[in-house]
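Chemist: Below is the structure I would like to discuss, written out as structure tokens.
The values are calculated or read from the model by the stated rules, or taken from the named source; none is laboratory data. Since the structure is predicted, the reported quantities are computational estimates derived from the model, not experimental observations. Glycine also receives a Cβ, built like all others from the backbone with ideal geometry; neighbour counts cover every protein chain displayed. Surface areas here come from the heavy atoms of the whole protein model, side chains and all, with no ligands, DNA or RNA. Shrake-Rupley method; radii C 1.70, N 1.55, O 1.52, S 1.80 Å.
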Amino acid sequence: QHYFIQSNLRMADENCSICCSQIIRTILFIFNFVFWALGGTLLVLGIYLKLEYEALNGISDDNFGTWMYVLIIVGGVIFFISFLGCCGTLLQSNNLLMLYFMLLILMVFGEIGCGAWAYMIRTKIFEDLRSGLEKAVIEYDQTKSDPNGSVVKEAVDSLQSVFKCCGYTGRIDYSGTPPRSCCPIIEQNLPHCSEATYFPQGCKDGIPDKIKKNFWLIGIILGLLLILEVMCLICYILTRYFKEPSFEELQSETAP
């Protein structure tokens with residue numbers, strides 16, 4: 001009788017462990033699916049910003065495009081790690097989950113380090129951007145009569161059209177008539193833009209303001225990813241604690 005009581009208790013404990021393990025694995029899979037979706041969003045956002053802000057590389061003293069490459073790489077790595085976690089959870093592969101766990105730890109520390117570094121040099125990034133932009137507008141004004149144009153002119157025209165700004169501080173930075181890129185796209189094909197439709201804001205404030213809005217979006221996504229990563233780590237540790245017994249272990253325990 002004592003043996004049967006112990007056996008029933010062991011069976012109840014094993015059933016509880018199996019149930020808890022399955023629940024935690026399901027939660028882990030859901031977290032990883034959301035993790036995967038956010039990683040994909042970050043990857044797409046990085047590619048979009050790289051294409052949208054390509055002209056910044058032509059004027060910024062700092063290589064602004066490097067940050068976009070970092071964002072693309074981070075999004076790609078997150079996408080891969082979360083996919084690995086989903087596969088490991090579905091296949092119940094301890095090897096895949098162990099690899100996922102180690103990569104996730106490295107990812108958490110990497111994100112914290114990159115985030116702290118970006119926060120510390122954020123002022124320098126925009127100072128370099130403004131400095132390069134001021135030089136580019138001056139060069140543009142001096143060479144705008146050149147029919148062959150230049151890389152700087154193309155970059156400034158692109159930025160003014162994308163960010164809907166004009167000059168460094170405003171249209172007064174241009175001697176004579178401002179370039180057509182200072183006009184809304186609908187009027188850029190006309191012989192002359194009307195005075196009232198020139199973009200009122202200078203690019204000194206217009207470009208950083210819009211970039212900061214995108215940085216806030218990136219920061220929110222990275223914050224959500226960091227929270228999810230920590231929760232995934234906790235779920236993985238719990239899956240190891242509530243480890244399901246193997247068939248051999250069940251056989252040995254049920255044997256008299």
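Chemist: Just to verify a result, which residue in the range 206-225, among those that are open to solvent by less than 30 Å² (accessible area, probe 1.4 Å) and among the β-branched types (Val, Ile, Thr), is modelled with the highest pLDDT?
Modeler: Ile207
Chemist: Does the range 41-60 include one or more residues that are touching a Gly at 6+ places or on another chain (Cβ under 6 Å) and outside any helix (DSSP H, G or I)? Steps first, answer last, please.
Modeler: First pass over the range 41-60, keeping only residues touching a Gly at 6+ places or on another chain (Cβ under 6 Å): 42-43, 46, 57, 59-60.
Remaining after also requiring outside any helix (DSSP H, G or I): 59-60.
Yes, because at least one residue in the range 41-60 is touching a Gly at 6+ places or on another chain (Cβ under 6 Å) and outside any helix (DSSP H, G or I).
Chemist: Same structure again: Does Gly170 qualify as being at positive phi and either modelled with pLDDT of 80 or more or in contact with a helix residue (DSSP H, G or I) (Cβ under 8 Å, 6 or more places away or on another chain) (or both)?
Modeler: Details: at positive phi: yes; either modelled with pLDDT of 80 or more or in contact with a helix residue (DSSP H, G or I) (Cβ under 8 Å, 6 or more places away or on another chain) (or both): yes.
Judged against the criteria, Gly170 is a match.
So that you can scan it fast, the table gives a plain yes or no per residue for (1) crowded, with 17+ Cβ neighbours inside 10 Å; (2) within 20 Å of the chain's Cα centre (by Cα); (3) farther than 30 Å from Asp157 by Cα; (4) modelled with pLDDT under 80:
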site	(1), (2), (3), (4)
Asp13	no, no, yes, yes
Cys19	no, no, yes, yes
Asn32	yes, yes, yes, no
Leu71	yes, yes, no, no
Val77	yes, yes, yes, no
Phe80	no, yes, yes, no
Leu96	yes, no, yes, no
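Chemist: Take the conditions open to solvent by less than 60 Å² (accessible area, probe 1.4 Å), aliphatic (A, V, I, L, M) and under 26 Å from Tyr53 (Cα atoms) and apply them to Ile112. Does it pass?
Modeler: On the way: open to solvent by less than 60 Å² (accessible area, probe 1.4 Å): no; aliphatic (A, V, I, L, M): yes; under 26 Å from Tyr53 (Cα atoms): yes.
For Ile112, the condition - open to solvent by less than 60 Å² (accessible area, probe 1.4 Å), aliphatic (A, V, I, L, M) and under 26 Å from Tyr53 (Cα atoms) - is not met.
Chemist: For residues that are open to solvent by 90 Å² or more (accessible area, probe 1.4 Å) and not in a loop (DSSP other than H, G, I, E, B), scanning just the range 173-192, find the one that is modelled with the lowest pLDDT. Don't jump to the end; show me each part of the working.
Modeler: Narrowing the range 173-192 to residues open to solvent by 90 Å² or more (accessible area, probe 1.4 Å): 177, 180, 185-186, 189, 191-192.
Filter again for not in a loop (DSSP other than H, G, I, E, B), leaving 180, 185-186.
On the way: Arg180: 82, Ile185: 70, Ile186: 63.
Ranking the qualifying residues of the range 173-192, first place goes to Ile186.
Chemist: Now for a separate question. Only one residue in Lys164, Lys124, Lys135 is open to solvent by 20 Å² or more (accessible area, probe 1.4 Å) and at pLDDT below 85. Which one? Lay out the reasoning, then the answer.
Modeler: Details: Lys164 fails: at pLDDT below 85; Lys135 fails: at pLDDT below 85.
Lys124 is the lone residue from the list that is open to solvent by 20 Å² or more (accessible area, probe 1.4 Å) and at pLDDT below 85.
Chemist: Testing Ala196 on (1) modelled with pLDDT of 80 or more; (2) open to solvent by 70 Å² or more (accessible area, probe 1.4 Å); (3) in a helix (DSSP H, G or I), one condition comes back false. Which one is that?
Modeler: Just one mismatch for Ala196, condition (1).
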